[in-house]
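> Handing you a structure now.
Each value in this text was obtained by applying a stated rule to the coordinates, not by laboratory testing. None of these values were measured; they are calculated from a predicted model. So basically every Cβ, Gly included, is an ideal-geometry build from the backbone, and we count neighbours across all protein chains shown.
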Amino acid sequence: MIYLVEDFFSIQGEGPYMGTPSIFLRFGGCNLRCPGFGETWQKGKRILGCDTVRAVYTRLFKEDWQEVEDADRLIEIIQNYVVNLSYRPDIVLTGGEPMLYAENPIFYRAVEWMVENHYRVTVETNATLAPSFEAYPAYRSVTFAMAVKLSNSGEPKERRIVPEAIAHLAKEGKESFFKFTLNSELIERDAYEQISEICDGYENPIYCMPLGESIPQLHEHAKYVVPFCLKHGYHYSDRLHVRLWNREEKR
Ligand code: SF4
């Protein structure tokens, strides 16, 4: 059994494939909580955590999640999106933390099908969990967007940075890259030192994005992120879905 929170078809809003038509499958559950990312009120309860709390907090949201008992269900969702398209969109597996399901036979069979059918698959992950690439070789054809959490997540370092998992995803995935969301305070404090500690020794590209769920917030932090990227040779990534929909709609 795996849990699907939602699926939708839109453009990728971040990273190297920004603007690419993509089918998103968002899976439920995460091994972190990231209490440093602020608070929201959901279903009458105050929740500390990330901007996808509805894909993370099992107790509050599980009843809204779709139970998937067969890979064919995930394949059917994709086929329904592409039936009238003359091209193959990207597929983005996100969460929550989709790698919770990496070795689940339902999830893995669906990934195998995507790879066999020549879709470009990106897994958006916190990079604390990695599958066995020998036992699950389809992951060698998958791109991992490694959003390793920094100190502003509020997670203890030993939970948010798992060097062995990063090494596997960075070296064995296809064109995997690092992705960090930064605000002005973190940049002024020690973002560079933290990113260097995580990424030293890897050739994988590093993308830095401004924090913010609204255009004014994005604009404010982007003014710090762009010079930061110029100084250190990182790639700036905007967050197109925030600019286009400004928190009103999902991407
Ligand atoms: S790792 Fe990502 S999905 Fe999980 S709690 Fe942190 S921000 Fe949310």
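> Net charge near L25: determine it from the other residues with C-beta under 11 Å of the C-beta of L25, scoring Lys and Arg +1 and Asp and Glu -1.
With Lys, Arg at +1 and Asp, Glu at -1, the net is -1.
> For the chain, modelled as a GNM with alpha-carbon contacts under 10 angstrom, which of V111, V225, V83 fluctuates the most?
The residue that fluctuates most here is V83.
> At a 10 Å Cβ-Cβ cut-off, how would you order D200, D64, D51, fewest neighbours first?
Least crowded to most crowded, the residues run D200, D64, D51.
> Go through C30, W65, V121 and say which Cα lies farthest out towards the positive end of the charge dipole of segment 2-178; charges sit on Cβ, +1 for Lys and Arg, -1 for Asp and Glu.
Farthest towards the positive pole: C30.
> Before anything else, pin down the relative contact order of segment 2-178: Cα pairs under 8 Å, at least 6 apart, normalised by residue count, whole percent.
Relative contact order here is 21 percent.
> Taking the dipole about the Cα centre of segment 2-178, with the C-beta of Lys and Arg at +1 and of Asp and Glu at -1, give me whichever of Y81, F9, S141 is farthest to the positive side.
My answer, from the dipole projection, is F9.
> Separate question: I need M18, M114 ordered by Cβ neighbour count within 10 Å, fewest first.
So the ranking, lowest neighbour count to highest, is M18, M114.
> Could you list M1, M209 in order of exposure, starting from the residue whose Cβ has the fewest other Cβ atoms within 10 Å?
Going from least to most buried by this count: M1, M209.
> Apply the Karplus curve 6.51 cos²θ - 1.76 cosθ + 1.60, θ = phi - 60°, to the phi angles in segment 211-216 and return the couplings in whole Hz, x for Gly and Pro.
Once rounded to whole Hz, the list reads 5, x, 10, 9, 4, x.
> Compute the long axis of helix 105-116 from its Cα atoms, compare it with the longest principal axis of the Cα atoms of the chain, and write down the angle in degrees, 0 to 90, nearest 10.
Helix 105-116 sits at roughly 90 degrees to that axis.
> Okay, moving on. Can you report the principal axis dimensions of the chain using only the alpha carbons, biggest first, rounded to whole angstrom?
48, 45, 38
> Size of the dipole of the chain about the Cα centre, Lys and Arg at +1 and Asp and Glu at -1 on the beta carbon, nothing else charged, in debye to 20?
In debye, rounded to 20, the chain gives about 500.
> Which of the GluC sites (Glu not before Pro) found in segment 61-131 are loop residues per DSSP with 14 or fewer other Cβ atoms within 10 Å of their Cβ?
Sparse-neighbourhood loop GluC sites (Glu not before Pro): E69, E103.
> Follow-up. About the Cα centre of segment 1-103, what is the dipole size in debye to 20, counting +1 per Lys and Arg Cβ and -1 per Asp and Glu Cβ, all else neutral?
For segment 1-103, the charge dipole is close to 480 debye.
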